[in-house]
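Okay, structure first, notes after.
The values are calculated or read from the model by the stated rules, or taken from the named source; none is laboratory data. Predicted model only: the values in this text are computed from it and were never measured. Positions of Cβ are generated from backbone atoms using ideal geometry, with glycine treated the same way; all protein chains shown enter the neighbour counts. Remember, those area values only see protein heavy atoms, side chains included, never the ligands or the DNA or RNA. Shrake-Rupley method; radii C 1.70, N 1.55, O 1.52, S 1.80 Å.
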Amino acid sequence: MDNGKEFGQGVLTVLTNYIYWLALVNVYFIACNLLFLFFFLTLIPSFSNILVYCLALIPTGPAIAALFYTLTKLIREKEISPTKDFFYGYKINFFDSLKNWVPMLVILTIITMDIHYLNADPTTRNQIISGILLVLFVLFGTLSIYVISISANFSFRVRDIYRLSLYYSFTRMKNTTGNVGIVIITLFLMFIVSDFLLLFIASLVAYAIALNNQAILEDVKQNFVKTEETLFEHQNIESSS
């Protein structure tokens, strides 16, 4: 008895496909981060190497954009061609993602360095400033999730992407809280298992965030996309030509 399902559309088949797609996309994401992995594995773990890590993380921006582009398409269309979609998303997002990613990386690195040096001299004044910077780090990190998610799927000016991200950060508190929760759970798992865990669950984490932000992307498309062409539509136009 097939319960009205066509051949190949059973729960087990769908689950198997999703595991395969997520695993393959994860492999591509790791491959795009080999530069960072090289320095992370060869350098002695030290805060003095943070600038090297920062530079090595620059190629991670387009890889994250490709990850979100691919998994958002999976949520929207229920299927993907992992290789084609990931590297297509990587190509069309490459330069735009760097415009967003590099400033975010620099700002977060500067805040991290400031917190480190303030904690090295734990006076009352320094602890207060360190606490304020930590709050700013969390707020900017939360904003960055929206920046990456929106920029991976729509073509807007950088300042407009930040405006939209700031807008949704405060008007969609349920989604914002969800994003923060996903990040906290991921960090907790990394703490109790290993930092390398993120490499193996990157696509799963991105899928959870993309799923949480799907309603926001639809809202962007309905209320803020006019003459601008979305990357979704760009792909459809190109594939049909």
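How many residues does region 149-205 hold that are of a type in the set (A, V, I, L, M, F, W, C) and closer than 24 Å to residue 222 by Cβ?
Total satisfying the criteria: 10.
Look through region 28-70, keep the residues that are in a helix (DSSP H, G or I) and among the small types (Gly, Ala, Ser), and return whichever of them is surrounded by the fewest Cβ atoms within 10 Å (Cβ to Cβ). Talk me through it step by step, then tell me what you get.
Let us first name the residues in region 28-70 that are in a helix (DSSP H, G or I), namely 28-31, 34-42, 47-56, 60-70.
Narrowing the set further to residues that are among the small types (Gly, Ala, Ser) leaves 31, 48, 56, 61, 63, 65-66.
On the way: 31: 11, 48: 8, 56: 19, 61: 23, 63: 25, 65: 26, 66: 26.
Applying the filter and picking the extreme gives 48.
When you go through 114, 85 one by one, which is the residue that is among the charged types (D, E, K, R) and open to solvent by 60 Å² or more (accessible area, probe 1.4 Å)? Working first, answer last.
On the way: 85 fails: open to solvent by 60 Å² or more (accessible area, probe 1.4 Å).
114 is the lone residue from the list that is among the charged types (D, E, K, R) and open to solvent by 60 Å² or more (accessible area, probe 1.4 Å).
Scan (1) over 21 Å from the mean Cα position of the chain (by Cα); (2) open to solvent by 60 Å² or more (accessible area, probe 1.4 Å) for the single condition residue 19 breaks and write down its number.
(1)
Identify, from the list 64, 50, the residue that is over 22 Å from residue 214 (Cβ atoms) and out of contact with any strand residue (DSSP E or B) (no Cβ under 9 Å at 6 or more places or on another chain). Show your work before the answer.
On the way: 64 fails: over 22 Å from residue 214 (Cβ atoms).
Selected residue: 50, the only one of 64, 50 that is over 22 Å from residue 214 (Cβ atoms) and out of contact with any strand residue (DSSP E or B) (no Cβ under 9 Å at 6 or more places or on another chain).
State which residue is farthest from residue 29 (Cα to Cα) when the search covers only region 189-217 and only residues that are open to solvent by 50 Å² or more (accessible area, probe 1.4 Å) and more than 13 Å from the chain's Cα centre (by Cα). Give the steps one after another, and end with the answer.
Applying the first criterion (open to solvent by 50 Å² or more (accessible area, probe 1.4 Å)) to region 189-217 yields 189, 191-193, 195-196, 198, 200, 204, 211, 215.
Filter once more, so that each one left must be more than 13 Å from the chain's Cα centre (by Cα): 189, 191-193, 195-196, 200, 215.
Details: 189: 20, 191: 21, 192: 23, 193: 21, 195: 16, 196: 13, 200: 10, 215: 25 Å.
The qualifying residue farthest from residue 29 (Cα to Cα) is 215.
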